[in-house]
Amino acid sequence: VDTIVLDKTGTLTLGNPVVSAVHPSPGVDERSVVEAAAIVERPSEHPLAKAVLQKAAELSLPIVEPERFDSTPGKGVTGLAGGEEIIVGNREFLEGRGFHLNGLAANAGASSQVIVARGGQLLGALQIQDVLRPESVAAVAELRKMGLRTILLTGDAEAIAREVGEQLGMDEVEAGLLPDEKLARINALLKQGKTVAMVGDGVNDAPALAQANVGIAMGSGTDVARESANVVLLGNDLLKLVETLKIARRCKHIIMQNFAGT
Ligand code: ADP
Ligand code: MG
């Protein structure tokens with residue numbers, strides 16, 4: 001392996017993010033924004049969904065089950081409640097459905113923005129803050145020391161991706177990627193003759209995990225990520241991954257020495 005591709009949310013970060021701010025549209029109250037979001041996030045497996053549900057619980061909001069639920073990996077979720085369509089996701093996802101987001105606060109710093117609409121009305125936005133896994137810094141540093149090229153691929157926004165990439169000292173960062181685009185990035189590396197390991201946790205990582213020379217899923221990852229990977233990390237410890245790669249290298253070295261000796 002000479003190149004290691006890492007997903008951000010749930011892989012380099014803990015993936016149990018919290019809602020750090022709620023920005024309702026004028027005339028809308030905070031509770032309505034959180035309630036609408038929580039209804040369609042209820043069936044979702046996404047790390048951001050957990051944050052929304054936790055916030056709803058803190059506000060003691062009763063959350064009904066959506067009548068319909070649909071998820072677009074890397075973008076957001078939609079559902080139906082009380083005859084109204086609810087749409088929750090990133091800017092692109094809502095703009096693609098005809099919403100104008102000019103009045104909305106810009107995404108601030110290292111937090112993900114999730115926008116909420118219900119019944120054709122823009123209700124507001126939630127800022128959701130995720131935290132780096134404590135071992136991410138050391139793990140990326142070790143990978144780089146081993147001479148591996150480290151690449152961050154994420155479906156999240158550019159600003160947060162850049163910030164995380166800088167904090168970890170990663171070689172390259174690419175943001176705003178859909179599942180197919182993560183896959184295309186892996187294919188491009190393979191075509192260049194690279195040997196690629198990919199680490200991820202989400203539904204949106206599954207195609208890329210299956211395509212990489214070595215696909216590694218986080219233990220806490222979604223079922224489809226775990227099924228698409230060659231290796232599942234027990235306990236989510238990225239430093240264990242580093243150790244495993246080192247052992248694999250040493251084994252290869254010994255095998256080569258044995259060949260040379262015969
Ligand atoms: P990563 O590639 O870093 O794991 P994802 O591709 O899973 O990130 O998510 C990218 C972005 O898509 C999120 O930051 C969010 O804005 C939006 N998104 C994806 N799934 C959801 C969801 N269930 N609820 C709200 N937003 C979502
Ligand atoms: Mg992820």
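The values are calculated or read from the model by the stated rules, or taken from the named source; none is laboratory data. From a predicted model like this one, the values you see are computed outputs, not experimental measurements. Quick reminder, even Gly has a Cβ in these numbers, built from the backbone with ideal geometry, and neighbours come from all protein chains shown. For the accessible areas, the whole protein counts, side chains as well, though only heavy atoms, and no ligand, DNA or RNA atoms are used. Shrake-Rupley method; radii C 1.70, N 1.55, O 1.52, S 1.80 Å.
Sort out which residues of region 84-97 are at pLDDT 95 or above and either small (Gly, Ala, Ser) or open to solvent by 20 Å² or more (accessible area, probe 1.4 Å) (or both), and write them in order of number.
Across region 84-97, the qualifying residues are Glu84, Glu85, Gly89, Glu95, Gly96, Arg97.
Quick test for you: out of Val52, Val5, Val22, pick the one residue that is within 13 Å of ligand 1 (Cβ to nearest atom), part of a strand (DSSP E or B) and among the aliphatic types (A, V, I, L, M).
Val5
Taking the options Lys240, Lys246, name whichever one is touching a residue at least 60 places away in the same chain (Cβ under 8 Å) and farther than 18 Å from Pro47 by Cβ.
Values: Lys240 fails: touching a residue at least 60 places away in the same chain (Cβ under 8 Å).
When all the criteria are applied, what remains is Lys246.
When you go through Lys246, Lys240 one by one, which is the residue that is at pLDDT below 95, away from ligand 1 (no atom under 16 Å from the Cβ) and touching a strand residue (DSSP E or B) at 6+ places or on another chain (Cβ under 9 Å)?
Numbers: Lys246 fails: touching a strand residue (DSSP E or B) at 6+ places or on another chain (Cβ under 9 Å).
So the residue among Lys246, Lys240 that is at pLDDT below 95, away from ligand 1 (no atom under 16 Å from the Cβ) and touching a strand residue (DSSP E or B) at 6+ places or on another chain (Cβ under 9 Å) is Lys240.
Name the strands (runs of 3 or more DSSP E) wholly within region 67-159 that hold at least 1 residues that are over 30 Å from Val242 (Cβ atoms)?
68-72, 76-81, 84-89, 111-118, 121-129
Could you list, in sequence order, the residues of region 6-34 that are over 13 Å from the mean Cα position of the chain (by Cα) and open to solvent by less than 60 Å² (accessible area, probe 1.4 Å)?
Within region 6-34, Val19, Ala21, Val22, Pro24, Ser25, Val28, Ser32, Val33, Val34 qualify.
Hey, among the residues in region 184-206 that are surrounded by fewer than 22 Cβ atoms within 10 Å (Cβ to Cβ), within 16 Å of ligand 1 (Cβ to nearest atom) and over 10 Å from Ile151 (Cβ atoms), which one's modelled with the highest pLDDT?
The selected residue is Ala184.
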